[in-house]
Amino acid sequence: MAQRKHFGYISFIRIVAAMAVLFLHANGCFWRFSGTEPYWPGANVIESLFYFAVPLFYMVSAATLLDFYDRDTLGRFFAKRLIRVVLPFVAWSLIGVVEKLLLRQISPADISLKYIGQGILNANIVSIYWFFTPLFMIYLSLPLFAAVEKSRRRQVFTYLAVVGFVLNQLVPFLKSLHPTDWDIPYSLSTVSWALIWLPVGWLLHNCALKRWHKAVIYVLALLGLALHMGGTYRLSMSAGQVVSTYKGYQNVPGFLYAIGVFVLLKDVGERLMAGRAARFINWLAGYSFPLYLMQFILLDTLPMLPFVNDTSLTYRLLAPFVMAAIIIAVTWCLRKIPGLRRIVP
């Protein structure tokens, strides 16, 4: 696998991942399990199909940031992350507090320095902001991964990806399917939780895959999707509640599926970015972060409209596009206001 550099497709992946997050969240009725209502099997399909969204964002971080020493000092790197990511996260978390007050989810008496401080540290003022906690851990770990000599990265990162997958994901997954009294105490903490997406993302970005590599990746991705979708349906219908044995962004099914989607979108994106669509894709990609930051307001308020049924298939398939259009329009306006530009990067 020869190394290569190409960033154009990243814009395309950002758009797809941002829209996938909207589909996942508009499909929130998946978590309100019902074995008798007709909406849940379809909700399980949508949940499984768009499950790749969060890992894609983490892999994009690896693809775009692991060479930061080439252009920035360590201090400048963290200053950029602080301004471009942490500041908007904090600002919209505070807006989330205001929203909770307006929707009467909390009262003024509930608000304290501890409530706000803990809410920001734990990224739980806005429930969908859980994404930021592993993202910040990725940022804090990036200097270590970036310090690996470029000539050795392919070897070191392949080792971390393979051994991390086997010890941190495959072994626990197999034990969950077939409980045993065997105790296997080994894991690779260097790539625990979301950190495994750093070596994986770098390898997928920098290594040119042969046809047979892609064929294997796609077969494993389809297997992961089938396990996630079929396994979750079977276990949940049997238990009468959502069973997460086959779920999880660092679980085997989701891991295999996300890698396959990244490879597919990379190929499609490179073709699109070589054509007339490139300008539009780059423009749209500039709104991918605000799409994540601002969607919670619409997710909370749209279902309150009297004509909206959030379990209907129409809502779950069309709402993401409506929300995206509204957020893009609002972001465009906010970016015209000097004092508010920083919170919609």
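The values are calculated or read from the model by the stated rules, or taken from the named source; none is laboratory data. Values in this document were obtained by computation on a predicted structure and should not be read as measured data. All Cβ positions, glycine included, derive from the backbone under ideal geometry; neighbour counts span all protein chains shown. Each accessible area value is taken on the protein alone, full model and side chains, heavy atoms only, with ligands, DNA and RNA left out. Shrake-Rupley method; radii C 1.70, N 1.55, O 1.52, S 1.80 Å.
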Query raised in the report: Quick one: is residue 104 surrounded by fewer than 13 Cβ atoms within 10 Å (Cβ to Cβ), free of Cβ contacts under 8 Å to residues at least 60 places away in the same chain and part of a loop (DSSP other than H, G, I, E, B)?
Result: yes
Report summary line: Of the residues in region 119-152, those that are in a helix (DSSP H, G or I), in contact (Cβ under 8 Å) with a residue 60 or more places away in the chain and closer than 14 Å to residue 198 by Cβ come to 134, 135, 138, 139, 142, 143, 145, 146
Requested in this report: Read through the list (1) within 25 Å of residue 344 (Cβ to Cβ); (2) at pLDDT below 95, then give the number of the only condition that residue 104 fails.
Outcome: (1)
Query raised in the report: exposed (fewer than 15 other Cβ atoms within 10 Å of the Cβ), of a type outside the set (Val, Ile, Thr), farther than 27 Å from residue 258 by Cβ and under 22 Å from the mean Cα position of the chain (by Cα) - does that describe any residue in region 59-82?
Result: yes
Report task. Consider residue 52 carefully, then state whether it is surrounded by 14 or more Cβ atoms within 10 Å (Cβ to Cβ) and either modelled with pLDDT of 95 or more or of a type in the set (Asp, Glu) (or both). Result -> yes
Report summary line: Residue hits (region 244-273; β-branched (Val, Ile, Thr) and crowded, with 21+ Cβ neighbours inside 10 Å) are 252, 259, 261
Requested in this report: Check region 175-184 and report whether any residue there is closer than 20 Å to residue 160 by Cβ, at pLDDT below 95 and of a type in the set (S, T, N, Q).
Outcome: no
Query - Among residues of region 302-331, those that are surrounded by fewer than 14 Cβ atoms within 10 Å (Cβ to Cβ) and in a helix (DSSP H, G or I), counted - result: 6
Report task. Write out, first by first residue and then by second, each pair whose Cβ atoms fall under 8 Å of each other, whose residues are 6+ apart or on separate chains, and whose first residue, in region 8-28, is basic (Lys, Arg) while the second is open to solvent by 10 Å² or more (accessible area, probe 1.4 Å). Result -> 14/57; 14/285; 14/288
**Report entry** Sole residue being polar (S, T, N, Q), touching a residue at least 60 places away in the same chain (Cβ under 8 Å) and within 30 Å of residue 141 (Cα to Cα), chosen from 190, 245
**Finding:** 245
Requested in this report: Test residue 176 against the stated conditions and say whether it is polar (S, T, N, Q), farther than 30 Å from residue 270 by Cβ and not in a helix (DSSP H, G or I).
Outcome: no
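Results for (1) surrounded by fewer than 16 Cβ atoms within 10 Å (Cβ to Cβ); (2) assigned to a helix (DSSP H, G or I); (3) modelled with pLDDT of 95 or more; (4) of a type in the set (D, E, K, R), shown as yes or no for each residue.
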position: 275; (1), (2), (3), (4): yes, no, no, no
position: 290; (1), (2), (3), (4): no, yes, yes, no
position: 294; (1), (2), (3), (4): no, yes, yes, no
position: 297; (1), (2), (3), (4): no, yes, yes, no
position: 333; (1), (2), (3), (4): yes, yes, yes, no
